[in-house]
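The values are calculated or read from the model by the stated rules, or taken from the named source; none is laboratory data. What you are looking at is a predicted structure, and each value in this text was computed from that prediction instead of being measured. Every residue, glycine as well, gets a Cβ built from its backbone with ideal geometry; the counts of neighbours run over all protein chains shown. In case anyone asks, the SASA skips ligands and DNA or RNA and just uses the protein heavy atoms, side chains included. Shrake-Rupley method; radii C 1.70, N 1.55, O 1.52, S 1.80 Å.
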Amino acid sequence: MKRFTMGMLVFFLILGSFSLTSFADSNQITVNTDKTQYQPGENVIITGIINQEGSAISNTDVTLRLDLAGAPLQVDQTKSSSSGYSFYITLPSDAQLGDYTVLVQALGVTNQTTFKVSNEPAGGPTSPPPSTTPAAPATPTSFTYTATTSSIKLSWNAVTGGDKYQVRRNGTIIYEGSQTSYTDSSLTAGTTYAYDLKASNRGGTSNIVTLTATTLSDVVTPVPEPTPVPEQPVTPGPPPITTEPPVIPSAPKVPGPITNFKGVEDVHSVTLNWAASENATSYSLKRNGQTVYEGAALSYLDSGLEAKTAYQYELIAKNETGSNNPVKYTAITLREIPKAPETFEFTTTTSSIHLTWTAVEDTDRYELKRNGKVVYSGSDKEFIDTSLITGTIYQYELKAMNSTGSSGLITFSARTQMEKPGEVSNLKTTTTESQATITWNKKTGATYYIVKLGNKVMYSGAKTSYTHRGLKPNTSYKYSVTAVNTGGLGKASFITVKTKQIQTKTKITTTKTSYKRNETVTFTINITDKNNKAVALTSVTTTITDPQGKSKPYTLKTNIFGTAVLSIKTSKSYKIGIYKVKTSTPFNSKQAYGNSTATLEYRLK
């Protein structure tokens, strides 16, 4: 097995028809590659979404064609899902350098994009693959509230890139959703509550913003009725002497005890809250012996802290009389949210994908999803996904998790290998003097075929026929045909073919058809092939039969112009009558010429 591979890939797949049409108003298709530049041997991940009347649709045939310099190299097809479609291609190690065009077609519309194949790395030799994970959202702003005696309505500004918001009251989650307001009900009148808010998306979470809110009191203080002053009777004489002691004002009381001193810990901050102390006018808060807050508020956000660290807090209430006894609280900040695994690797079989990834510091477990469904959750750094379908692309998401939260996602695609195709059947051939055409039946599961002459590859492509031109006549050749897919090469089928002989044409002429004794009879013989090209330096046999049936053969050879001349001097001994002449071009194994004949007659008188 190889890492990052789907098996052997050959870029000679030919698409018979792949037309480009403009976008229809109601149908649209997008197409993207995970990078714009690759090196030979790298993986190309092509993704997109099919929209019909503005909505993504699934279970639709999507066809891909890969072109280089206008020539089609590869064709593939898949089905779309509600989350889109994807193709996974491995470039050969000897892939041709240049600009490649990706054309994708579905529902009668086509879109395209391009990428470049170069020996130069796109981002340096150690650059990680580009991330498809968005950046964590910004911190929400304008976190405010309005209160009644039993509820507090919280509101905040929307955050760009925030998918959802989380609100906690006194450390307990009370809301998660996409709205920018929340009403916390069934509260106690006249009570102070500590709230914190953060935004999140697939890339992570924002910093926390805090708020302290107090419900209205339901105790109505009655206004006392005025006390009537009785009329004093007029007593003659001096007024009576009173013996009541003078009124001495009471001394101010020291602040009462502080209750409900609690904290809400985050990674780099602690939000501290407490209930109001009777008679207190201010509060003093220390962290590890150092004063960090002085004021009248009933909460304080202590930020800029180290993660996973213990801090000792001490709080006192004060007024002009003095201060009460301090209350203490120990807070331990949360662990850092883990980072996403830096690298991952996978190997495939026909029914399984073995995934491995690098360890992430301070991680409790990893969660792996296949096509949106959790298939593994645990502390191991590998997982074998089994019982998969042969030759199928699967989408995976991987993240690291601990008690604080989860990392951003790593997303990637992997394709199971295909079963090797079987042996090609029904090999047939047709030949001429200079070429041979081989045909065979289409093999189920094969994506292309390889034709070899001996050990030399003569053809690699999706067609089920091959024509070899420029062959020698009357010569035997042995070919093999092998079906191939991403699972490997099937068993080769063999066929031996023999080219045909060159068919010749023989022509014989004389200057006249009647001769007298003692005249010379001259024959001109011309030999050509079927294309009227002269056949030079080939043997010609001419047989002359006299009127009594006696035959005499003459053997000649054509000149460079394909011509041979035979002259016969007659005499008085020659018989008077009709002479029959037959000229033959015999088979020539060296030049692969076939037989041909010509005849004529002349009279001797």
- Task: Taking the residues in segment 471-482 that are in contact (Cβ under 8 Å) with a residue 40 or more places away in the chain and part of a strand (DSSP E or B) as candidates, determine which candidate is farthest from Leu427 (Cα to Cα).
- Result: Tyr477
- Item | Filter result for Ser584 (part of a strand (DSSP E or B), touching a strand residue (DSSP E or B) at 6+ places or on another chain (Cβ under 9 Å) and surrounded by 14 or more Cβ atoms within 10 Å (Cβ to Cβ)) | yes
- Taking segment 369-411, which residues are open to solvent by 40 Å² or more (accessible area, probe 1.4 Å), in a loop (DSSP other than H, G, I, E, B) and within 21 Å of Arg335 (Cα to Cα)? Ser379, Asp380, Lys381, Ser403
- Note on the structure: Of the residues in segment 347-359, those that are farther than 11 Å from Asp385 by Cα and out of contact with any Phe, Trp or Tyr (no Cβ under 8 Å at 6 or more places or on another chain) number 2
- Query: Quick one: which of Thr148, Thr235, Thr144 is open to solvent by 50 Å² or more (accessible area, probe 1.4 Å) and either among the hydrophobic types (A, V, I, L, M, F, W, C) or modelled with pLDDT under 90 (or both)?
  - Reply: Thr235
- What residue, among those in segment 194-221 that are more than 36 Å from the chain's Cα centre (by Cα), part of a loop (DSSP other than H, G, I, E, B) and surrounded by fewer than 19 Cβ atoms within 10 Å (Cβ to Cβ), is modelled with the highest pLDDT? Leu216
- Considering only segment 397-437, how many residues are in contact with a Lys or Arg (Cβ under 9 Å, 6 or more places away or on another chain), under 25 Å from Ser83 (Cα atoms) and among the charged types (D, E, K, R)? 2
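Give me the residue from segment 27-56 that is modelled with pLDDT under 80 and assigned to a loop (DSSP other than H, G, I, E, B) and, out of that set, most open to solvent (accessible area, probe 1.4 Å).
Glu53
Residues are listed down the side, and each one gets a yes or a no for (1) within 13 Å of the chain's Cα centre (by Cα); (2) of a type in the set (S, T, N, Q); (3) modelled with pLDDT of 85 or more; (4) within 28 Å of Tyr459 (Cβ to Cβ):
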| position | (1), (2), (3), (4) |
| --- | --- |
| Gly7 | no, no, no, yes |
| Leu15 | no, no, no, yes |
| Asp25 | no, no, no, no |
| Val62 | no, no, yes, no |
| Pro72 | no, no, no, yes |
| Lys79 | no, no, no, no |
- Restricting attention to segment 412-470, and to residues there that are part of a loop (DSSP other than H, G, I, E, B) and among the aliphatic types (A, V, I, L, M), which single residue is nearest to Val497 (Cα to Cα)? Leu427
- For segment 563-574, the count of residues that are over 13 Å from Tyr602 (Cβ atoms) and assigned to a loop (DSSP other than H, G, I, E, B) equals 3
- Scanning segment 171-187 for residues that are of a type in the set (D, E, K, R) and closer than 23 Å to Asn260 by Cα gives Asp184
- Considering only residues that are in a strand (DSSP E or B) and touching a Lys or Arg at 6+ places or on another chain (Cβ under 9 Å), look in segment 300-330 and name the one that is nearest to Ser206 (Cα to Cα). Asp302
- Filtered residues of segment 177-193 (kept if open to solvent by 40 Å² or more (accessible area, probe 1.4 Å), under 16 Å from Val159 (Cα atoms) and assigned to a strand (DSSP E or B)): Ser181, Tyr182
- Query: Across segment 383-439, what is the total count of residues that are modelled with pLDDT under 90 and aliphatic (A, V, I, L, M)?
  - Reply: 1
- Message: among the polar types (S, T, N, Q), touching a Leu at 6+ places or on another chain (Cβ under 8 Å) and assigned to a loop (DSSP other than H, G, I, E, B): is that true of Ser351 in this structure?
- Response: yes
- For residues in segment 57-70 being open to solvent by less than 30 Å² (accessible area, probe 1.4 Å) and assigned to a strand (DSSP E or B), which is farthest from Val102 (Cα to Cα)? Val62
